[in-house]
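Heads up: the structure comes next, in structure tokens.
The values are calculated or read from the model by the stated rules, or taken from the named source; none is laboratory data. Source: prediction; values computed, not measured. Using ideal geometry, Cβ is built from the backbone for each residue, glycine included, and neighbour counts are taken over all protein chains shown. With ligands, DNA and RNA removed, areas are computed over all heavy atoms of the protein, side chains included. Shrake-Rupley method; radii C 1.70, N 1.55, O 1.52, S 1.80 Å.
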Amino acid sequence: MGSPDLPRLGLGERIQDALLVREVDQRTYQGDKTMTTLTLGNASGTIGSAPFWEQDQHLVAGVKAGDVVQIIGEVGAYKDRRQLQVTSLRVLPRGKVDWGALLPTAGDVTRYWETIDKWRAEISGPRLRAVVALFYDDEDFRTRYGQCPASTVGHHAELGGLLKHTVEVASIGRHIAKVARADADLVTAGVLLHDIGKLEAYRWDGLFAPTDKNALYGHVVLGALMLDDAVRSADPMPCSEQELDILMHLVLAHHGRLEFGAPVEPKTLEAEIVHYADNASAKTASFADALADPSNFSGEELVSARGIWSLDKRRAYRGNSDWGAGGGG
């Protein structure tokens with residue numbers, strides 16, 4: 001029997017399965033009593049628990065975010081929101097955990113690697129191709145890059161999400177480059193390098209979480225440092241100083257604006273393209289995820305019940321039509 005599809009469990013359905021504790025929210029009420037709620041998840045998504053009141057605190061004593069727990073419970077509702085009424089909870093040893101069943105995943109990433117390696121082979125400039133190869137020919141890099149999420153909470157927050165996001169950004173950027181008469185090879189290389197810093201910025205050994213380096217530098221600066229170090233450590237250096245500056249700028253400027261985490265705004269056409277392609281992939285993925293999440297909507301309503309955090313607190317509309325393609329009038 002497979003893992004339960006948490007976002008689509010119906011009222012009254014029972015669950016007996018291992019789930020990952022995503023969040024623990026503990027509060028006091030009536031002055032000195034404790035109430036705890038858990039956000040539980042697996043690869044399908046998440047569901048919140050019903051409150052554990054004072055008399056039930058023994059069930060969640062010592063439970064923390066990142067634990068894997070064996071749960072027995074039943075889906076109920078409070079104010080039109082589903083919640084899991086837990087009757088039994090036991091923390092499992094981490095060594096016996098199948099993380100692939102508990103964390104969101106992009107699935108088999110082979111097709112993404114095939115696409116990226118095809119694009120790399122098409123880069124005409126040997127020095128540009130050589131710089132990208134410093135990373136993408138390295139097996140340890142490929143293993144980690146193929147597992148890393150693109151964010152800890154947000155777009156492509158899934159195992160393999162960074163690789164999927166990279167393919168999306170490159171596909172968008174390469175098309176824009178042709179229309180804008182930009183250097184499509186440079187855009188491709190910039191996309192392949194723009195998020196390498198996330199390998200140092202994120203952890204995915206359980207909960208997706210930022211590292212200390214992410215707090216101190218941010219993934220944009222980390223990526224630029226990784227690029228500079230790799231190029232300068234190669235003997236001979238695979239590109240000129242000016243060429244390294246051009247590539248460093250693509251990495252440093254890809255967030256577009258200073259208030260969004262970019263140390264510098266785009267100063268080249270290719271940097272502008274990488275920025276907008278990156279943003280398009282992130283924003284559209286967040287919107288698609290919001291529309292697919294039934295917890296954002298009340299019953300069959302077409303407009304989301306509330307503003308959605310990942311959409312800058314906008315409400316989403318999920319109405320659609322086949323526009324007559326299905327044979328209707």
Quiz prompt | Residue among P149, P238, P126 with the largest mean-square fluctuation in a Gaussian network model of the chain, springs linking Cα atoms under 10 Å | solution = P126
Exercise. Could you tell me which chymotrypsin sites (Phe, Trp or Tyr not before Pro) in segment 18-125 are loop residues by DSSP with no more than 13 other beta carbons within 10 angstrom of their beta carbon?
Key: W53
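Taking only protein heavy atoms into account and a 1.4 Å probe, give the accessible area per residue of segment 129-250 in Å².
Values: 5140 Å² over 122 residues.
That works out to 42 Å² for each residue.
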Quiz prompt | Qualifying lysines (Cα of each under 17 Å from Cα of K213; at least 8 residues distant if same chain) | solution = K198
Quiz item: For R14 and A77 in the same chain, what is the full-extension length gain: residue separation times 0.36 nm, less their Cα-Cα distance, in nm?
Solution: 21.4 nm
Exercise. Run the accessible area of segment 1-156 with a 1.4 Å probe and give the carbon-and-sulfur part as a rounded percent.
Key: 48 percent
Quiz item: Residue farthest toward the positive end of the dipole of segment 158-294, with Cβ of Lys/Arg at +1 and Asp/Glu at -1: which of A234, W204, Y276?
Solution: Y276
Self-check item: Max mean-square fluctuation residue, GNM over the chain, Cα-Cα springs under 10 Å, options E168, E114, E259
Solution: E259
Practice problem: Give me the lysines in straight-line cross-link reach of K118: C-alpha distance below 16 Å, same-chain residues under 8 apart excluded. | Solution: K164
Quiz item: Measuring from centroid to centroid over Cα atoms, what is the spacing of segment 249-307 and segment 200-241 in Å?
Solution: 22 Å
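Please give the contour-minus-distance gain from R127 to R90: 0.36 nm per residue of separation, less the Cα-Cα distance, rounded to one decimal in nm.
So the extension gain works out to 7.8 nm.
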Self-check item: Surface accessible to a 1.4 Å probe, M226 within the full protein complex, Å²
Solution: 40 Å²
Quiz item: Where does the chain land on Rg/Rh, using Cα atoms and the Kirkwood Rh?
Solution: 1.03
Quiz item: GNM on the chain, C-alpha springs below 10 Å: top fluctuator among Q30, Q55, Q242?
Solution: Q30
